[in-house]
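J.: Before I ask anything, let me first share the structure, which is written out below as structure tokens.
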Amino acid sequence: MAKGKPLVEDLTQLNLEGQFRYYAPLAMVFVALFIVVNIVAQKIVPLGAMVLLTAGDFIYPLLYLVSILLTEVYGYTMSRRVIWSAFGCNLLVAFIVALSIALPSAAFWQDQEAFQSILGRTPRLLVASLGAFLVGEFLGTYVLAKIKVFTQGRYFWFRAASATLLGQLIDSFVFTTVAFYGLFSLHKIFILAVSAYGCKIIYQVFLTPLIYPLANFLKHTEGIDIFDRRTNFNPFNLRLK
């Protein structure tokens, strides 16, 4: 391990949250990806006869990669803040979209029906994301943080894989069911959920080698490597403890 600043292992040792160089950029990337995923998830992409994915499934693994980095480096509590910030921003986007749909359109503009057909589903996708995130994302970050303490920071591949396998299983089925129930048959919803889960696992296999150097770079650059030994894992508690 390269020499650098002493690693902080507890947020109570810190005075300023804003001292981190990469926390805010990672948080912004997470929020942006979260919003984009919920907009493009309406498009269904066939891959062969038995595989159906949403356009969001091609982006979501990047979102989860950022989530793993946030939890691994900065800890569960700071990751939790980013998750809720993303949801709040998505709520704002859903409100703006609903307002835009409700505004009167010019007589010569002929795309109101298409505009409403696509963007009008955004509030429903927001509800689906909330359910999926509350169960899948928080469970995944919880597993990652707990195993990190148990293994004393070793076996990162095992921690990342465990968080993905459990968190994304629940996320895929909750989001797909809530987002598309009544729009597609239960058979197609099941195929979408299974396809999404498989896609995320495959992504995980290829992205894990990339997460290693990124996590190590962030830890040594930021001088931080949080172990959630005394953390309150209540997802609704936004305090840094």
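J.: Strictly greater than 12 Å: what percent of every Cα pair in region 185-232 meets that? Mind showing how you got there, number by number?
T.: Working: 831 of 1128 pairs.
Tail of P(r) above 12 Å: 74 percent of Cα pairs.
J.: Also, quick follow-up: Please calculate how many Å² of accessible area region 115-241 carries per residue, with a 1.4 Å probe and no DNA, RNA or ligand atoms counted. Provide the component values of the computation, followed by the final result.
T.: Values: 6330 Å² over 127 residues.
For region 115-241, the solvent-accessible area averages 50 Å² per residue.
J.: Okay, moving on. As a test of the formula, what do you get for the chain when each DSSP H run with n ≥ 4 contributes -39,500 (n - 2.57) and the sum is divided by the residue count, at 222 nm and rounded to the nearest 500 deg cm²/dmol? Numbers along the way, then the final one.
T.: Details: 8 runs with 149 residues, N = 241.
So the calculated ellipticity at 222 nm is -21000 deg cm²/dmol.
J.: What part of the accessible area of region 143-241, given as a whole %, is carbon or sulfur when the probe is 1.4 angstrom? Walk me through the intermediate numbers first.
T.: Details: 3670 of 5220 Å².
C and S atoms contribute 70 percent here.
J.: Of Ser185, Leu238, Gln110, whose Cα points farthest to the positive end of the dipole of the chain (charges on the beta-carbon: +1 Lys, Arg; -1 Asp, Glu; origin at the Cα centre)?
T.: Leu238
J.: On to the next question. What does the charge add up to near Lys200, with Lys and Arg as +1, Asp and Glu as -1, over the other residues with Cβ less than 15 Å from its Cβ? Kindly include the intermediate steps, with their values, before the conclusion.
T.: Working: positive: none; negative: Asp57, Glu137, Asp171.
Neighbour charge sum, excluding Lys200 itself: -3.
J.: Sort region 48-133 into rounded, prolate or oblate with this rule: let a ≥ b ≥ c be the square roots of the eigenvalues of the Cα gyration tensor; rounded if a/c is under 1.5, and if a/c is not under 1.5, prolate when a/b is larger than b/c, oblate otherwise.
T.: Numbers: a/c = 3.28, a/b = 1.65, b/c = 1.99.
Oblate shape, in that a/c is at least 1.5 and b/c is the bigger or equal ratio.
J.: Would you mind classifying region 53-194 by shape? Square roots of the alpha carbon gyration tensor eigenvalues, ordered a ≥ b ≥ c; an a/c under 1.5 is rounded, otherwise it is prolate if a/b is larger than b/c and oblate if not. Each step should come with its number before you reach the end.
T.: On the way: a/c = 3.22, a/b = 1.91, b/c = 1.69.
The shape class here is prolate.
J.: If we sort 93-103, 47-57 on the protection proxy, mean other Cβ atoms within 10 Å, highest first, what's the order? Intermediate results must be reported in sequence, preceding the final value.
T.: On the way: 93-103: 13.5, 47-57: 16.4.
The densest-packed peptide leads the list: 47-57, 93-103.
J.: Determine the principal axes of the Cα atoms in the chain, then give the extent along each, sorted from largest to smallest and rounded to whole angstroms.
T.: Over the chain, Cα extents along the principal axes are 64, 40, 29 Å.
J.: Just how large is the dipole of the chain about the Cα centre, in debye to the nearest 20, putting +1 at every Lys and Arg Cβ and -1 at every Asp and Glu Cβ?
T.: On the way: 19 positive and 12 negative charges, 116 e Å.
I would put it at about 560 debye.
J.: What percentage of the solvent-accessible surface of region 22-76, computed with a 1.4 Å probe over protein heavy atoms, is contributed by carbon and sulfur atoms? Please report the intermediate quantities before stating the final value.
T.: On the way: 1630 of 1920 Å².
Looking at region 22-76 in its full context, I get 85 percent from C and S.
J.: If packing is taken as the average number of other Cβ atoms within 10 Å across a peptide's residues, how do 111-119, 222-230, 145-153, 66-74 rank, most packed first? Don't skip to the answer; put the middle values down first.
T.: Numbers: 111-119: 12.7, 222-230: 18.0, 145-153: 16.0, 66-74: 25.1.
In descending order of packing, they fall as 66-74, 222-230, 145-153, 111-119.
The values are calculated or read from the model by the stated rules, or taken from the named source; none is laboratory data. Since the structure is predicted, the reported quantities are computational estimates derived from the model, not experimental observations. Virtual Cβ from ideal backbone geometry, glycine too; neighbours counted across all protein chains shown. Each accessible area value is taken on the protein alone, full model and side chains, heavy atoms only, with ligands, DNA and RNA left out. Shrake-Rupley method; radii C 1.70, N 1.55, O 1.52, S 1.80 Å.
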